[in-house]
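Here the structure is laid out as structure tokens; the discussion comes afterwards.
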Amino acid sequence: MKLLSFIIPAYNESANVMPLYTRLQSVLKPLSDRYTFEILFVNDGSKDTTAEEVTKLTKADTRVKLIDFSRNFGKEIATTAGLRHCTGDACMMIDADLQHPAELIPDFIAKWEEGSDVVVGIRKESKSDSWVKKIGGKIFYVILNKISDTEITPNATDFRLLDRAVIDAFNEFKETKRLTRGLIDWLGFRRTYIFFDAEERLHGTASYSVWKLLKLALNSFMSLSLFPLKVAGYIGIFITSFSLIAGSYIFLGKYFFKWYWALTFSDSEDLAIFIVFLVGIILMSLGLISLYIANIHEEVIKRPLYVIRKERE
Ligand code: UDP
Ligand code: MG
């Protein structure tokens with residue numbers, strides 16, 4: 001029988017632990033003649049009784065396990081810990097707040113059995129999202145796909161199933177600032193998608209404030225792309241070329257074609273364009289330094305050079 005692990009990051013979810021468990025139970029029961037299960041809760045430094053609630057479950061059900069963080073490290077690190085500790089032939093990541101419909105789990109498993117390595121849940125639309133989150137999310141994906149080499153699917157969630165090969169490959173990542181689903185997308189593998197309607201959060205409020213999301217967005221830009229580092233250089237190239245053209249125009253107009261171009265420029269205008277030109281050069285130098293830093297960055301995070309899907313036996 002194949003073992004399937006569930007990875008559930010939980011931060012202040014005490015009221016959701018039990019309902020989630022009962023819901024999982026009813027979904028998993030019909031599958032239990034073909035699969036065994038492991039339910040891994042990662043308590044991400046909750047300030048409420050989440051750990052106690054999970055401990056109750058671990059006592060009643062040996063399949064339930066708890067990883068208890070010393071403090072809040074954020075969902076990305078919590079899922080990472082879950083992926084490192086799970087022992088299944090595949091794992092399924094699911095939020096603790098019941099926003100991910102557990103009833104779809106058999107569909108995820110079916111896709112996996114058909115040969116997909118990664119089955120990604122794509123969120124249709126959430127009623128509970130504020131417009132800031134909606135528009136922010138749209139902008140985020142547009143920018144991310146423009147600047148990164150990895151193809152990132154909009155509205156892809158952490159509600160996904162990973163084959164053991166993907167889990168092992170994922171565990172090779174060493175970087176501390178990370179976006180779990182971004183790194184999974186970087187890995188590639190055979191992917192399929194399942195669309196779902198996000199439900200309302202059962203209890204509590206979403207702990208990802210706009211500020212926290214903004215920080216996460218910045219981290220993903222930095223983790224998946226070196227473009228932000230090179231921006232200064234690009235701006236520099238633009239400014240220098242622009243001021244060079246404008247400067248030559250002024251210079252020629254002033255000293256050579258005075259009688260021809262009826263243009264007059266004051267000395268301070270000359271100076272201004274000259275300073276802008278120099279600023280462009282400074283920015284270009286910064287961009288050059290960034291290229292070196294980018295190389296250092298890539299060496300330091302020590303990503304695997306390549307990922308093998310399946311080795312021929
Ligand atoms: N979560 C976590 N650590 C955090 C914040 C959230 O482990 O610092 C968990 C949370 O308990 C939930 C999941 O990550 O299971 C998604 O969090 P949330 O519902 O706040 O985010 P959203 O649904 O808005 O993506
Ligand atoms: Mg949620």
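The values are calculated or read from the model by the stated rules, or taken from the named source; none is laboratory data. Owing to the predicted nature of the structure, the values given are computational and were not obtained by experimental measurement. Positions of Cβ are backbone-derived with ideal geometry, glycine not excepted, and every protein chain shown enters the neighbour counts. The area values use the complete protein model at the heavy-atom level, side chains included, leaving out ligands, DNA and RNA. Shrake-Rupley method; radii C 1.70, N 1.55, O 1.52, S 1.80 Å.
Brief remarks on what is shown
- Cα lying deepest toward the dipole's positive end in the range 126-257, options 139, 244, 194, charges on Cβ: 244
- Rounded to 5, the percent of DSSP beta bridges in the chain classed as antiparallel: 25 percent
- Bins of 5 Å from zero: percent of alpha-carbon pairs in the range 1-53: 5, 19, 26, 21, 13, 10, 5, 1
- Gain in span if fully extended, residue 36 to residue 22, counting 0.36 nm per residue against the direct Cα distance: 3.4 nm
- Gain upon complete extension [residue 71, residue 295; 0.36 nm per residue less C-alpha separation]: 77.4 nm
- Mean separation of Cα pairs under 8 Å and 6 or more residues apart, divided by the residue count, gives the range 110-176 a relative contact order of 50 percent.
- For the chain, built as a Gaussian network whose Cα springs stay under 10 Å, the top-fluctuating residue of 73, 41, 227: 73
- J(HN,Hα) series, the range 165-171, from Karplus relation 6.51 cos²θ - 1.76 cosθ + 1.60, nearest Hz, glycine and proline x: 4, 5, 4, 4, 5, 4, 5
- Mean projected area of the convex hull spanned by the Cα atoms of the chain, taken over all viewing directions: 22.2 nm².
- Euclidean distance between Cα centres, the range 198-251 to the range 12-43, Å: 39 Å
- Descending principal axes extents, the range 113-181, alpha-carbon based, whole Å: 37, 28, 20
- Charging the Cβ of each Asp and Glu at -1 and of each Lys and Arg at +1, and nothing else, the dipole of the range 113-163 about its Cα centre rounds to 580 debye.
- Percent accessible area from carbon and sulfur atoms, the range 46-136, protein chains only, probe 1.4 Å: 53 percent
- Counted residue by residue at 0.36 nm each, then reduced by the alpha carbon distance between them, the extension gain from residue 252 to residue 269 reaches 4.7 nm.
- P(r) for the range 1-150, from all Cα pairs and a bin width of 10 Å, is 10, 36, 35, 17, 2 %, short bins first.
- Rounded to whole Å, sorted largest first: equivalent-ellipsoid semi-axes of the range 51-91, Cα gyration tensor: 19, 16, 6
- Only alpha carbons enter this Debye calculation for the range 51-139, each as an equal point scatterer, and the log10 of I(q)/I(0) it gives at q = 0.15, 0.17 Å⁻¹ is -0.84, -1.05.
- Expected 222 nm ellipticity per residue - DSSP helices of 4 or more, -39500 (n - 2.57), all of the chain, to 500: -16500 deg cm²/dmol
- Stokes-Einstein D for the range 179-265, Kirkwood Rh over Cα pairs, 25 °C, 0.890 mPa s (µm²/s): 130 µm²/s
- Solvent exposure, largest accessible area first (probe 1.4 Å, DNA, RNA and ligands not counted), of 85, 297: 85, 297
- For the pair residue 143 and residue 113, label points projected 7 Å from Cα toward Cβ lie 4.3 nm apart.
- When only the Cβ of Lys, Arg, Asp and Glu is charged (+1, +1, -1, -1), the dipole of the range 38-110 relative to its Cα centre reaches about 320 debye.
- Measure of compaction for the range 76-215 (Cα Rg per 2.2 N^0.38 Å): 1.03
- In a simple Cβ point-charge model (Lys, Arg +1; Asp, Glu -1; nothing else charged), the chain has a dipole of about 240 debye relative to its Cα centre.
- Remark: the chain carries 55 Å² of accessible area per residue (probe radius 1.4 Å; ligands, DNA and RNA excluded).
- Entries of 134/230; 124/212; 215/302; 146/177; 174/215; 59/111 with Cα pairs more than 25 Å apart: 134/230; 59/111
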